[in-house]
Amino acid sequence: MLRLERALPPIFPAAVLQHALSRPLVPPTPRLAVESFWRSHVLRADRLARALAARSGAPEGWTWRPGAETGGGGAAGFRAPPSPYREAAHLLGRGRCCVCGQPVYRFGWHVDLWGTGIPNRNAGWHSACVAAWKLWLAPSDQIPALKRRQGHRCAVSGKRLLRTAEIDHRVPLYRVWREHRDAPWPSLLAFWGAPNLQVVNRAVHAAKCRDEAGERARLRRASDPDAAADG
């Protein structure tokens with residue numbers, strides 16, 4: 001606690017400080033305190049990251065191409081959300097968040113509480129956007145938070161969630177590309193975020209995945225008449 005108190009600037013987010021001091025192991029630096037706060041409030045981080053992205057909007061001329069930020073493409077890119085500010089053509093440089101495009105201030109904070117008007121040139125992510133990005137890529141790591149949001153009830157059956165419950169995207173990500181690819185970029189992020197995530201019991205998830213696999217097979221046959229004829 002003493003290390004954190006010595007390192008604190010005169011102005012610091014009160015909610016973050018309160019959270020840090022309530023931890024069994026108090027983060028020793030303001031930066032670590034901010035990171036700990038957002039890790040513990042990942043659904044709030046998700047909302048904030050999407051709101052900041054909406055403030056930025058997509059770069060002029062940008063279109064969604066799955067995997068473009070890594071030079072890849074195709075279906076492999078569906079697991080990650082579209083991220084124009086991580087693409088080489090639209091990088092904003094240090095001091096701007098590569099997820100949402102907004103300025104990054106001290107300790108990875110998203111608001112200039114200190115009134116300097118100068119972004120942190122050593123940072124390329126908001127701490128909140130880091131937490132949100134991890135949720136979007138690996139939502140299964142946040143099952144406890146999502147279970148609490150649902151009152152520990154299966155989102156489909158309404159029955160009590162079992163220990164084996166799993167994360168599911170309400171709208172499968174392959175359908176996002178097929179049906180929503182032309183939607184504005186900030187709104188696309190919701191398909192990877194909390195609005196499209198649900199916790200369901202394993203049997204329910206297995207049945208849903210089976211139905212989705214059948215749908216994808218039908219779509220492939222419809223797009224390839226020769227394959228359908230051979231079948």
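Report, by residue number, each residue of segment 163-192 that is surrounded by fewer than 19 Cβ atoms within 10 Å (Cβ to Cβ) and aromatic (Phe, Trp, Tyr).
Across segment 163-192, the qualifying residues are Tyr174, Trp177.
Evaluate segment 93-106: report whether one residue or more is over 13 Å from the mean Cα position of the chain (by Cα), of a type in the set (S, T, N, Q) and closer than 29 Å to His180 by Cα.
Scanning segment 93-106, I find at least one residue that is over 13 Å from the mean Cα position of the chain (by Cα), of a type in the set (S, T, N, Q) and closer than 29 Å to His180 by Cα, so the answer is yes.
For the condition assigned by TED's automatic domain parsing to the domain that holds Cys100 and in contact with a Cys (Cβ under 9 Å, 6 or more places away or on another chain), what is the one hit in Leu161, Leu173?
On the way: Leu173 fails: in contact with a Cys (Cβ under 9 Å, 6 or more places away or on another chain).
On inspection, the qualifying residue turns out to be Leu161.
If I filter segment 41-88 down to residues being β-branched (Val, Ile, Thr) and within 19 Å of Trp177 (Cα to Cα), which single residue comes out as modelled with the lowest pLDDT? Give the steps one after another, and end with the answer.
So the first thing to find is which residues in segment 41-88 are β-branched (Val, Ile, Thr), and the list is 42, 63, 70.
From the residues that got through so far, the ones that are within 19 Å of Trp177 (Cα to Cα) too are 63, 70.
Values: Thr63: 91, Thr70: 56.
Going through the qualifying residues, I end up with Thr70.
In segment 113-135, what residues are free of Cβ contacts under 8 Å to residues at least 60 places away in the same chain and surrounded by 15 or more Cβ atoms within 10 Å (Cβ to Cβ)?
If we filter segment 113-135 for residues that are free of Cβ contacts under 8 Å to residues at least 60 places away in the same chain, which is where we start, we get 115-125.
Of everything in segment 113-135, those that are free of Cβ contacts under 8 Å to residues at least 60 places away in the same chain and surrounded by 15 or more Cβ atoms within 10 Å (Cβ to Cβ) turn out to be Pro119, Asn120, Ala123, Gly124, Trp125.
Any residue in segment 181-208 that's more than 16 Å from Pro81 (Cβ to Cβ): show its pairings with residues that are of a type in the set (Ser, Thr, Tyr) at Cβ separation under 8 Å, as long as the two are six or more apart or on different chains.
The qualifying pairs are Val200/Ser157; Asn201/Ser157; Asn201/Thr164; Arg202/Thr164; Val204/Ser157.
Would you be able to tell me the number of residues in segment 35-53 that are closer than 9 Å to Cys129 by Cα and free of Cβ contacts under 8 Å to residues at least 24 places away in the same chain?
0
Does any residue in segment 1-13 that is over 14 Å from Pro28 (Cα atoms) come within less than 6 Å, Cβ to Cβ, of a residue that is aliphatic (A, V, I, L, M) six or more places away or on a different chain, and which pairs are these?
Ile11/Leu113
The values are calculated or read from the model by the stated rules, or taken from the named source; none is laboratory data. The shown structure was predicted, so the numbers you read here are calculated from the model rather than taken from an experiment. No Cβ is skipped: glycine too gets one built from the backbone with ideal geometry, and neighbour counts run over all protein chains shown.
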